[in-house]
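Scroll down for the structure; my scribbles are underneath it.
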Amino acid sequence: MAYLEPEILRCPNCDFTQEIEVVVSEGPHSKPGDIPSRTHQPRETGVKGPEILCPNDGTVLWTDKPGKLA
């Protein structure tokens, strides 16, 4: 498990910004080459789901879908 540097999300449609802390980890059943999981820390954002949306217009600012291979 690794905590990445805080990331600042910006909505492209309005002035909303949100700082998040992302955790990247591999599970106990991961195999070499598996995509690590990414999650945000809900204690900072107040969001418990897999996506962070702009509260003003509903634009998706961040999602925990895997992005890159390890």
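Key figures for this structure:
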quantity: Using θ = phi - 60° and Karplus 6.51 cos²θ - 1.76 cosθ + 1.60, couplings along the stretch 53-65 (whole Hz; Gly, Pro as x); calculated: 10, 5, x, 7, 9, x, 5, 6, 9, 7, 9, 8, 5
quantity: Interchain or long-range residues, amide H under 5 Å from residue 9's placed H; calculated: 18, 19, 20
quantity: Amide proton proximity set for residue 62, modelled H, under 5 Å, gap of 5+; calculated: 52
quantity: Packing rank of 8-19, 52-63, 27-38, where each peptide gets the mean count of other beta carbons within 10 Å, highest leading; calculated: 52-63, 8-19, 27-38
quantity: In order through the stretch 25-36: 3J(HN,Hα) via Karplus (6.51 cos²θ - 1.76 cosθ + 1.60), integer Hz, x for Gly, Pro; calculated: 8, 10, x, x, 9, 5, 10, x, x, 5, 7, x
quantity: Debye intensity ratio in log₁₀ form over the Cα atoms of the chain, taken at each q of 0.16, 0.28 Å⁻¹; calculated: -0.59, -1.31
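Each value in this text was obtained by applying a stated rule to the coordinates, not by laboratory testing. In this text, all values refer to a predicted model and were calculated from it rather than measured experimentally. Neighbour counts run over all protein chains shown; Cβ positions are idealised from the backbone, glycine included.
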